Amino acid sequence: MSGVAGGDKVGGLVVVVMWLKGKIALITGAASGIGERTAKLFAEHGAKVVVADVQDHLGHAVCDVIGSSNSKYVHCDVTNEEDVKNAVDTTVAAYGKLDIMFCNAGVADPNKARIMDVEKVDFQRVLDINVLGVFLSMKHAARIMVPARAGSIISMASLASNIGGAASHAYCCSKHAVAGLTKNLAVELGQFGIRVNCLSPYAMVTPLASSFVGLDDEALENLISSRANLKGVTLKTDDVANAALFLVSEEARYISGQNLHIDGGLGIVNPSFGLFEYPDS
């Protein structure tokens, strides 16, 4: 799988493989970062995509790239249930169904290492968007998918959903909650043939990450690479989009309730032991 629809050679001809042909996807937070890249990739693989975000200018720009015949933009604040309901209803009204919900919208709070310095309003905002927003998106996706007895829901978690010390208290708390909600909903909706999973990537260059760390893209990428377990490759939004594509496709038809870590093994490592370090020479 690659950043464009995959191609296989059959009898000397290239056959384009469209993993999501005929599918309808709604992606929150799709105006930038991982959501933007995923929206474009889903469209490349044949899906009609509804881009939901509060960044109206950027959201319309994403749809301009995808094309008006294959995409639609809707303003959606995921903390507002009426906005989420409207995004889902708009999707069904435009395309007749909802096959895929990607609950991707998320934020981070100001980078403060000490809990004594964390403001309640900042902590609450992260939980409202990262947890309540995911809950509302799941709820209204289920409203459409349960009667259809089909669908795939994925959410954006994080490396911080599995370990401590990788993000702020609010962000860590919110992503642990997303992973737990994913498991619970997978149990509930399995009886209707609906799969529910989440993605937990390591850090990469996105507007959210750059703002949180306070570094430019090159400096942030160098920092991320220096802390990584898997060397020789740098995590990109393409990698997360490809993982999302796999999880919502028929290739993953029996995968549900999983938290897919896209972290190069970092989440299973305690680097303080230094057990397998090779000498430099």
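Please treat every number below as a calculation from the coordinates, not as lab data. Just so we're clear, the structure is a prediction, and the values are computed from it rather than from any experiment. Glycine also receives a Cβ, built like all others from the backbone with ideal geometry; neighbour counts cover every protein chain displayed.
For semi-axes √(5λ) of the Cα gyration tensor in Å, several values are listed as (i) 39, 22, 20; (ii) 25, 19, 19; (iii) 30, 24, 19; flag the one computed from this structure.
Only one listed value fits the structure, namely (iii).
What list do you get for SER32, SER152 if you sort them by fewest beta carbons within 10 Å?
Going from least to most buried by this count: SER32, SER152.
I need ILE255, ILE268, ILE163 ordered by Cβ neighbour count within 10 Å, fewest first.
Fewest-to-most ranking of ILE255, ILE268, ILE163: ILE268, ILE255, ILE163.
Specify the inter-centroid distance of region 223-281 and region 113-175, based on alpha-carbon positions, in whole Å.
20
Identify which of ALA52, ALA141, ALA170 has the largest mean-square fluctuation in a Gaussian network model of the chain, with springs joining Cα atoms closer than 10 Å.
ALA170
Specify the residue with the greatest mean-square fluctuation among SER69, SER158, SER225, computed from a Gaussian network of the chain linking alpha-carbon atoms under 10 Å apart.
Of the options given, SER69 has the highest mean-square fluctuation.
Arranged by the count of other C-beta atoms within 10 angstrom, fewest first, what order do CYS198, CYS173 take?
Fewest-to-most ranking of CYS198, CYS173: CYS173, CYS198.
Could you tell me which of rounded, prolate or oblate describes region 113-233, using a ≥ b ≥ c as the square roots of the eigenvalues of the alpha-carbon gyration tensor, with rounded for a/c under 1.5 and, failing that, prolate when a/b is larger than b/c and oblate otherwise?
In terms of gyration-tensor shape, prolate.
Measure up LYS23/LYS139; LYS139/LYS231; LYS40/LYS120 against 28 Å on the Cα-Cα distance and list the ones that go over.
LYS139/LYS231; LYS40/LYS120
How far apart, in nanometres, would the label points at ASP64 and ARG143 be if each is projected 7 angstrom from Cα along the Cα-to-Cβ direction?
That separation, rounded to one decimal, is 3.2 nm.
Under the rule a/c < 1.5 gives rounded, and otherwise a/b versus b/c splits prolate from oblate, where does region 112-176 land using the Cα gyration tensor?
Oblate shape, in that a/c is at least 1.5 and b/c is the bigger or equal ratio.
Using only the alpha-carbon atoms of region 49-151, report the extent along each of the three principal axes, biggest first, to the nearest angstrom.
50, 32, 19 Å, listed from the longest principal axis down.
Please give the residues of region 250-281, grouped as numeric ranges, whose backbone N is less than 17 Å from a label point set 7 Å along the Cα-to-Cβ vector of VAL233.
Under cut-off, by backbone N: 260-268.
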